[in-house]
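Undergrad: First, the structure itself, so that you have it in front of you.
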Amino acid sequence: MPVRKVYLDTSVIGGYYDEEFKEETRKLWKKWETGTILFYTSVLTFEEIAEAPSRVKELLRRTFPRQQKVLMPNEESRRLAQAYLEAGAVPERYGSDARHVADCSVAGIVYLVSWNFKHLVNINRENAFNAVNLLHDYPTLRILSPKELIYGDEKEL
């Protein structure tokens, strides 16, 4: 099985300690620890976690030491995020969600992983982001919860 590159948004980092999400989030980390998944994120995640509890900030630092595999925003990703907003993929006030998707898309990462079901992990949002991607010559992406990545790789017993 090929190694998957996945982009983690802020909700997944926080989900590691959240009672509702920690079981599946920690299983995702196990896949990362065994090398079956490569984690990426962006500077935006570091900005959003700046005010989080210390254990969440420490997890982010351990997962991305020396900011390895941390995507830097650039003019290309800023333009794409603006295109998502103009197309109504997400409301203007959720521009950070558009930025996460743009950073992921510009980097050519196929999987964006999130626990944000309202603004990211749902078929209507995914379709809207992908429509913009196609119009701007970017590949389509999948927006998934950790559950969708941790189950299904095991062989049936």
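Bear in mind these aren't lab numbers, they're just calculated from the coordinates by the rules spelled out. Note that the structure is a prediction, hence the values are computed from the model and not measured. Glycine gets a Cβ as well: all are built from the backbone with ideal geometry, and neighbour counts include every protein chain shown.
Undergrad: For the chain, give the share of DSSP beta bridges that are antiparallel, in percent and rounded to the nearest 5; count only bridges with both residues there.
TA: 0 percent
Undergrad: Further question: Which shape class applies to segment 1-71: rounded if a/c is under 1.5, otherwise prolate when a/b exceeds b/c and oblate if not, where a ≥ b ≥ c are the square roots of the Cα gyration tensor eigenvalues?
TA: Here segment 1-71 falls in the oblate category.
Undergrad: Now, a different point. So what's the net charge close to Ala81: Lys and Arg +1, Asp and Glu -1, counting the other residues with Cβ under 13 Å from its Cβ?
TA: Spelling it out: positives minus negatives among the neighbours equals -3.
Undergrad: Relative to the first principal axis of the alpha-carbon coordinates of the chain, what is the inclination of helix 22-33, with its axis defined by its Cα atoms, in degrees from 0 to 90 and to the nearest 10?
TA: Computed tilt is about 90 degrees.
Undergrad: Moving on to the next point. For Lys31, which lysines qualify as cross-link partners when the Cα separation must be under 18 Å and same-chain residues fewer than eight apart are set aside?
TA: Lys5, Lys22, Lys69, Lys147, Lys155
Undergrad: With θ taken as phi - 60° and the coefficients 6.51, -1.76 and 1.60, list the Karplus ³J(HN,Hα) couplings across segment 59-72 in order, rounded to whole Hz; mark glycine and proline as x.
TA: 3J(HN,Hα) across segment 59-72, in whole Hz: 4, 4, 5, 5, 6, 10, x, 6, 6, 5, 6, 9, 7, 9.
Undergrad: Still on this structure, I have one more. Starting from the Cα of Lys27, draw a straight line to each of the aspartates and glutamates and keep only those under 17 Å, dropping any in the same chain fewer than 8 residues away.
TA: Asp9, Asp18, Glu19, Glu148, Asp153, Glu154
Undergrad: Taking the Cα centre of segment 69-157 as origin, sum charge times position over the Cβ atoms of Lys and Arg (+1) and Asp and Glu (-1), and report the length of that vector in debye to the nearest 20.
TA: Charge dipole of segment 69-157: 200 debye, to the nearest 20.
Undergrad: Let me ask you something else. Given Ala52, Ala81, Gly95, which one lies farthest toward the positive end of the charge dipole of the chain, if we put +1 on the Cβ of every Lys and Arg and -1 on the Cβ of every Asp and Glu?
TA: Ala52
Undergrad: Can you tell me the dipole magnitude for the chain around its Cα centre, using point charges on the Cβ only (Lys, Arg +1; Asp, Glu -1), in Debye to the nearest 20?
TA: 440 debye
Undergrad: Long-range amide H contacts for Tyr40: which residues qualify at under 5 Å (H placed 1.01 Å from N, peptide plane, sequence gap of 5 or more or a different chain)?
TA: Excluding prolines and chain starts, which carry no amide H, the hits are Val6, Tyr7, Leu8.
Undergrad: Still on this structure, please answer the following. How far is the Cα center of segment 84-114 from the Cα center of segment 27-80, in Å?
TA: Going from one Cα centre to the other spans 15 Å.
Undergrad: Oh, and also: How much length, in nm to one decimal, is gained on full extension between Glu148 and His136, taken as 0.36 nm per residue of separation minus their Cα-Cα distance?
TA: My answer for the length gained is 1.6 nm.
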